[in-house]
Amino acid sequence: MPDRNQAIELKLLIEAIYLRYSYDFRDYSSASLKRRVLLALKQMQCENISALQRRILYDPQAFMELLQFLTIPVSEMFRDPSYYLALREQVIPVLCTYPSLKIWIAGCSTGEEVYSMAILLKEEGLLDRTILYATDINPRSLERARQGIFNIDNMRQYTSNYQGAGGKHSLSDYYTAAYDSAIMDKSLKENITFADHSLATDSVFAETQLISCRNVLIYFNKPLQNRAFGLFYDSLCHRGFLGLGSKETVEFSGYAEQFEAFDKPERVFRKL
């Protein structure tokens with residue numbers, strides 16, 4: 001009975017969030033949401049989910065705190081280096097044939113991935129003719145992404161990732177160390193547009209040649225995954241590229257026939 005009550009409470013919380021703040025988590029994986037909400041209960045010192053619901057309904061700051069648990073703002077630069085190496089060696093030569101480029105980093109979190117993409121494009125001579133769209137639903141994460149300031153302690157791992165991704169210089173060429181922070185070079189930000197966008201509720205906003213949406217769809221249920229794939233399909237130009245996370249695939253979705261595997265091991269697909 002307690003588990004059933006908790007399931008009801010969780011459903012009511014998610015509905016309340018949608019009605020009060022227009023953030024739609026109704027088609028996110030219930031198991032994943034439950035884990036995050038229970039963690040939030042401990043950190044926010046709420047007795048149960050109903051108490052948390054009441055708190056966030058009347059306190060927008062409490063909701064913003066809860067949002068940090070619901071969206072998992074965790075990332076790293078050049079995460080899964082072989083993915084970026086595949087982009088560098090296989091996708092970039094195709095993108096070079098376009099006079100201008102639009103690339104969408106969907107679910108950009110705190111910005112590590114979009115700066116990784118900007119560095120890759122700069123090294124391949126494409127950044128100056130590219131607009132990078134970096135979108136997320138978490139305003140705190142977007143603000144951190146705009147600032148482009150990361151913990152200096154993480155740079156050793158990021159440097160190793162960068163080297164594995166075929167980096168042509170030194171990662172330190174792209175940031176300035178100040179105290180305990182690494183501040184990304186301003187030149188990388190000039191072609192990046194940061195924007196609030198929800199794969200659950202918003203629509204397509206631009207035609208793109210490449211979309212990279214990694215480790216986001218694993219938190220969606222099947223209907224919401226299909227909605228996201230629909231957005232990606234509508235946004236991509238003919239023969240555009242879609243990059244997903246290591247545990248994600250467009251295969252077995254409602255859009256399986258609209259994409260082909262370009263580099264299946266690295267989860268890079270191409271629109272048919």
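The values are calculated or read from the model by the stated rules, or taken from the named source; none is laboratory data. The structure presented is a predicted model; accordingly, all values stated were derived computationally and were not measured. All Cβ positions, glycine included, derive from the backbone under ideal geometry; neighbour counts span all protein chains shown. These area figures cover heavy atoms from the full protein model, side chains too; ligands, DNA and RNA do not enter into them. Shrake-Rupley method; radii C 1.70, N 1.55, O 1.52, S 1.80 Å.
Before moving on, here are some points about what is shown:
- Here the chain is assigned +1 on the Cβ of each Lys and Arg and -1 on the Cβ of each Asp and Glu. Its dipole about the Cα centre then comes out at about 420 debye.
- For region 29-116, the Kirkwood estimate of hydrodynamic radius, built from reciprocal distances between every pair of different alpha carbons, is 16.1 Å.
- From the coordinates shown, Cα extents along the principal axes in Å corresponds to which of [x] 46, 36, 31; [y] 58, 51, 28; [z] 63, 39, 31: [y]
- Non-local lysine pairs in the chain, meaning eight or more places apart or on different chains, with alpha-carbon distances under 24 Å, amount to 22.
- Modelled spin labels at residue 154 and residue 206, positioned 7 Å past Cα toward Cβ, are 2.3 nm from each other.
- Accessible surface of the chain [probe 1.4 Å, protein heavy atoms]: carbon and sulfur percent: 49 percent
- Sparsely packed trypsin sites (Lys or Arg not before Pro) within region 1-89, loop by DSSP, other Cβ within 10 Å at most 10: none
- Per-peptide average of other Cβ atoms within 10 Å, ordering 246-255, 115-124, 228-237 highest first: 115-124, 228-237, 246-255
- Positive-pole candidate from 232, 165, 119, dipole of the chain, charges at beta carbon: 232
- Averaged per residue, region 1-118 has 49 square angstrom of accessible surface, using a 1.4 angstrom probe with ligands and nucleic acids left out.
- Furthest towards positive pole of dipole, 215, 49, 197, structure part the chain, Cβ charges: 49
- With K and R counted +1 and D and E -1, the other residues having a Cβ less than 12 Å from that of residue 59 yield a net charge of +2.
- Helix axis angle, 222-235 relative to the chain longest principal axis, alpha carbon, degrees: 30 degrees
- Placing +1 on the Cβ of every Lys and Arg and -1 on the Cβ of every Asp and Glu, with no other charges, gives region 1-70 a dipole of roughly 120 debye about its Cα centre.
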